[in-house]
Amino acid sequence: MKEKRGQITVFVIIGILVVAVVGGFVFLELNDLNIERINPEVEPVHSFVESCVEEKAKEAVLYTSNRGGYYKIPEPSVQDNFPYYFYNKENYMPSKEKIGSEISRYFNDKLKECMNFESFSGFEINPGEVKSEVSIYDETVAFDVEYPISVTKDKKSYFFKGFQTDVPLRLGVVYNAVEVFIGEQMTHEGICITCLYGIAEDNNFKVNVLYPDYETAIFVFIDENPKSVSEEFSFNFANKYKPKTL
């Protein structure tokens, strides 16, 4: 009888350990997935913020792409509108990581422009500081946003902070194509037209070249991929040449 009780005790202990291990595994899995359950009471506020995040993320990518990947364009530049990527035979093209950080800066500065919580009667809403990380992939630009918001309604308090969104633009493909063109440019005095249009054709781009003066060419890479968002997506930058080589 004592032996049976001993066996039962052993099985009970093993059962407790199994439950603890499985429970811990499930807890870790939920944490890894960064699951944040939103209470129905504050779902309208969360959905509103989510919509703003999506809007400003797309705006950030389009704006910085039009300015050669910059939020604030550095020198050398053309009238503060287009950064030089090739200047005095030097390569000034920013890294993909630099462009990601510029997109993030724009997003962090502009997100609160659409955060008008006045329409949420009966809610006390206190937003915190916006932080974001932007990753550029071939077919999409991914945003991981930390925006802590506390919401109080009917004397109950709620909190959420994590948002993710993807902008379906081929910024990574465009960047890689421009990088190849600038690499070719380093071995040519003037514009390598065959290089330029070969790269554009291979990637389904249209390329316009503008000449504001005798030394400058502004390149407009336009993505004609039908999977892109409805707005025209262009990536613009400038190169500086000797007058006779244009």
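Select from segment 67-93 the residues that are assigned to a strand (DSSP E or B) and either of a type in the set (Lys, Arg) or touching a Pro at 6+ places or on another chain (Cβ under 8 Å) (or both) and list them in ascending order.
Once the filter is applied, which keeps residues that are assigned to a strand (DSSP E or B) and either of a type in the set (Lys, Arg) or touching a Pro at 6+ places or on another chain (Cβ under 8 Å) (or both), segment 67-93 yields 77, 78, 83, 84, 87.
If you check residue 201 against the conditions, is it of a type in the set (Asp, Glu), in contact with a Ser or Thr (Cβ under 6 Å, 6 or more places away or on another chain) and farther than 23 Å from residue 71 by Cβ?
No, not satisfied.
Looking only at segment 56-104, which residues are aromatic (Phe, Trp, Tyr) and touching a residue at least 24 places away in the same chain (Cβ under 8 Å)? It would help to see each step written out before you state the result.
Here is the first cut: in segment 56-104, the residues aromatic (Phe, Trp, Tyr) are 63, 70-71, 82, 84-87, 92.
63, 70, 71, 82, 84, 85, 86, 87 - these are the residues of segment 56-104 that are aromatic (Phe, Trp, Tyr) and touching a residue at least 24 places away in the same chain (Cβ under 8 Å).
Please go through segment 48-89 and give me each residue that is among the acidic types (Asp, Glu) and either under 23 Å from residue 232 (Cα atoms) or not assigned by TED's automatic domain parsing to the domain that holds residue 134 (or both), ordered by number. Quick ask: steps written out before the conclusion?
Taking segment 48-89 as the starting set, the residues that turn out to be among the acidic types (Asp, Glu) are 50, 54-55, 59, 75, 80.
Selection gives 54, 55, 59, 75, 80.
Please pick out the residue among 206, 161 that is surrounded by fewer than 17 Cβ atoms within 10 Å (Cβ to Cβ), under 24 Å from residue 83 (Cα atoms) and in contact with a Phe, Trp or Tyr (Cβ under 9 Å, 6 or more places away or on another chain).
Being surrounded by fewer than 17 Cβ atoms within 10 Å (Cβ to Cβ), under 24 Å from residue 83 (Cα atoms) and in contact with a Phe, Trp or Tyr (Cβ under 9 Å, 6 or more places away or on another chain) holds for just one of 206, 161, which is 206.
Conditions tested, residue by residue: (1) in the same structural domain as residue 232 (by TED's automatic domain parsing); (2) of a type outside the set (Ser, Thr, Tyr).
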position	(1), (2)
143	no, yes
147	no, no
151	no, yes
155	no, yes
163	no, yes
175	yes, no
179	yes, yes
191	yes, yes
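From the list 106, 71, which one is within 30 Å of residue 189 (Cα to Cα) and surrounded by 13 or more Cβ atoms within 10 Å (Cβ to Cβ)?
Unique residue meeting the criteria: 71.
Kindly check whether there is at least one residue in segment 127-137 that is at pLDDT 95 or above and under 22 Å from residue 181 (Cα atoms).
Yes, some residue in segment 127-137 is at pLDDT 95 or above and under 22 Å from residue 181 (Cα atoms).
Does residue 137 qualify as being over 26 Å from residue 218 (Cα atoms), surrounded by fewer than 21 Cβ atoms within 10 Å (Cβ to Cβ), in contact (Cβ under 8 Å) with a residue 24 or more places away in the chain and in contact with a helix residue (DSSP H, G or I) (Cβ under 7 Å, 6 or more places away or on another chain)?
no
The values are calculated or read from the model by the stated rules, or taken from the named source; none is laboratory data. Just so it is clear, the structure is predicted and the values come from calculations on it, not from any experiment. Backbone-built Cβ (ideal geometry, glycine too); neighbour counts: all protein chains shown.
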